Amino acid sequence: MAEFEKRITLENIDMMALLGVNDGNIKILENRFNTSMVFRGEQVIVRGAEEEVTIVEKVLKEMAYVLNTTKKLSAADVQMILELTLEGKEIINDKEYESVILYTKNDSIKAKTAGQFAYLQAARKNDICFAIGPAGTGKTYLAVALAVAALKKGLVRKIVLVRPAVEAGESLGFLPGDFREKIDPYLRPLYDALDEMLPSDKLKTNLEKGIIEIVPLAYMRGRTLNQAFVILDEAQNTTDMQMKMFLTRLGVNSKAIITGDITQIDLPAKQVSGLVKAQDILQKIEGIGFIYFEKTDVVRHKLVKDIIDAYEKFYDKG
C-alpha cells in the first residue's frame with residue numbers, strides 16, 4: 001500500500017510548546033500511530049496510512065487550538081484530545097472548549113448552564129471563589145472537577161476537601177469506630193465526586209500519599225496550605241470564626257472554592273453563618289469572587305427544580 005502524505009499548516013503557533021518537553025506531546029501520537037511527522041516552521045509533514053494521517057491531522061489541529069486558547073498544553077491535555085478525537089468528538093468553538101473543566105475516561109465534565117459557566121470563569125479568575133445557591137446546581141461537583149484538573153495539569157501539588165461536621169458538633173468522639181469511620185458519613189459526597197473523576201487505583205494512591213485529603217473543618221486549624229486547591233463544602237454551616245480560620249489557611253500559589261446554600265443552615269438558631277457573614281465582609285476584595293446560582297442552574301433530576309419551587313411557594317405563603 002502506498003504511503004500517504006499530508007502537509008499541515010499550523011499558523012501562529014508556539015511550536016516548542018506544541019511539541020512539549022523533550023517532544024513529549026508528539027511522542028504520545030508517535031506511540032499511538034504508525035505515522036512519521038516532520039516539523040518545518042509552521043508546517044508538519046505527516047506520512048503513513050491515509051486513515052491514521054487524517055486522525056493525526058485532527059489531533060494536531062485540536063492541540064494547536066487548545067494551546068492558543070489556554071496558552072499551555074500538557075501531556076494530559078494531548079492524551080485527552082487524542083481520546084476524544086478517536087471517539088469522534090471535536091472541540092467546536094471557544095465557549096465550548098472553555099466550558100470543559102475535566103476530561104474523564106468516559107466523558108467530559110463541563111459547565112452546562114449560564115450560572116455554571118459564570119462560576120467556571122470566576123473560579124479561574126480569582127484565587128478565592130464563593131459559590132452560593134440551592135442544591136443540585138453542581139457547586140461541589142464542579143469545584144472538585146476544577147481541583148482535579150488543576151492537579152493533573154501540575155498547577156497545584158495537592159487537593160484538600162473540607163466539610164464541617166455540624167451534625168456531630170465537630171466533636172466526633174462519641175461516635176463508634178475509628179476516626180475515618182466516624183467522619184466518613186459527613187465526607188461521603190466528596191468521595192463520590194472524586195470516584196467519578198479518577199480511576200479507583202489512582203484515587204486510592206493519591207489518598208494514601210496525602211496528595212488528596214478529605215478532612216473535617218475542625219482539623220484545619222493551625223495549617224498553612226501551599227500549592228494546594230482547597231474546597232470548603234457546606235460552608236453555610238461554619239461559624240464566623242471558622243470561616244475566617246479556613247480562609248487564612250491559604251498559602252502560596254493556592255486556590256480556594258467555598259460552596260454553600262444559605263437556605264439550609266443547620267447551626268443553632270442564634271449562631272450567625274460564616275458564609276452569610278463573609279458576603280458582607282469580603283465582597284469588595286479584589287481576587288475574591290462571588291457567584292450566585294438560581295433554580296435554573298439545577299442539573300440534577302428534573303423534579304429537583306420542581307421540589308425547590310414547591311417549598312419556596314409554601315414558605316412564601318407563611
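The values are calculated or read from the model by the stated rules, or taken from the named source; none is laboratory data. Just so it is clear, the model here is predicted, and its values are computed rather than measured. Cβ atoms come from the backbone with ideal geometry, glycine included; neighbour counts cover every protein chain shown. SASA here: full protein model, heavy atoms, side chains in, ligands and nucleic acids out. Shrake-Rupley method; radii C 1.70, N 1.55, O 1.52, S 1.80 Å.
The mean sequence distance of close C-alpha pairs (under 8 Å, at least 6 residues apart), as a share of the length of the chain, puts its relative contact order at 18 percent. Based on Cα contacts under 8 Å between residues 6+ apart, region 195-281 shows a relative contact order of 31 percent. Residues whose amide H lies under 5 Å from that of L161, counting only those 5 or more places away or on a different chain, are E213, I214, V215, I231; hydrogens are built 1.01 Å from N in the peptide plane.
I'm checking a number: the convex hull volume of the Cα atoms of region 193-282, normalised per residue, in Å³. What is it?
With only Cα atoms used, region 193-282 gives 117 Å³ per residue.
Near the amide H of I258, within less than 5 Å, lie the amide hydrogens of C129, F130, A131, L232, all on another chain or at least 5 residues away, with H placed in the peptide plane. Ignoring ligands, DNA and RNA, what percent of the 1.4 Å accessible area of the chain is carbon and sulfur? For the chain, the apolar C and S fraction of the accessible surface comes to 51 percent.
For the chain, the equivalent ellipsoid derived from the Cα gyration tensor has semi-axes of 43, 21, 18 Å, listed largest first. Accessible area per residue for the chain is 54 Å², calculated with a 1.4 Å probe on protein heavy atoms, without ligands, DNA or RNA. Working note: Karplus 6.51/-1.76/1.60 with θ = phi - 60° gives region 247-260 the couplings 4, 8, 7, 5, x, 5, 6, 10, 10, 9, 10, 10, 10, x Hz, where Gly and Pro are set to x. For the residues K112, K153, K284, a GNM of the chain with alpha-carbon springs under 10 Å puts the largest fluctuation on K284. Model label points for F4 and L155, set 7 angstrom from Cα along the Cα-to-Cβ axis, are 3.7 nm apart. Remark: region 71-84, residue by residue, has Karplus-estimated 3J(HN,Hα) of 6, 7, 8, 9, 4, 5, 4, 4, 4, 5, 4, 4, 5, 5 Hz, where x stands for each Gly or Pro and the curve is 6.51 cos²θ - 1.76 cosθ + 1.60 at θ = phi - 60°.
Counting only alpha carbon atoms, the long axis of helix 200-209 and the longest principal axis of the chain meet at about 60°. Derived scalar couplings between HN and Hα for region 231-246 equal 10, 10, 9, 6, 5, 5, 9, 9, 7, 4, 6, 5, 4, 4, 4, 5 Hz in order, rounded to whole Hz, by the Karplus curve 6.51 cos²θ - 1.76 cosθ + 1.60 (θ = phi - 60°), x for Gly and Pro. Compared with the dominant principal axis of the Cα atoms in the chain, helix 50-70 is inclined by about 50°. Report, to the nearest 10°, how far helix 302-317 tilts away from the longest principal axis of the Cα atoms in the chain, using its own Cα long axis and a range of 0 to 90°. That works out to roughly 30 degrees.
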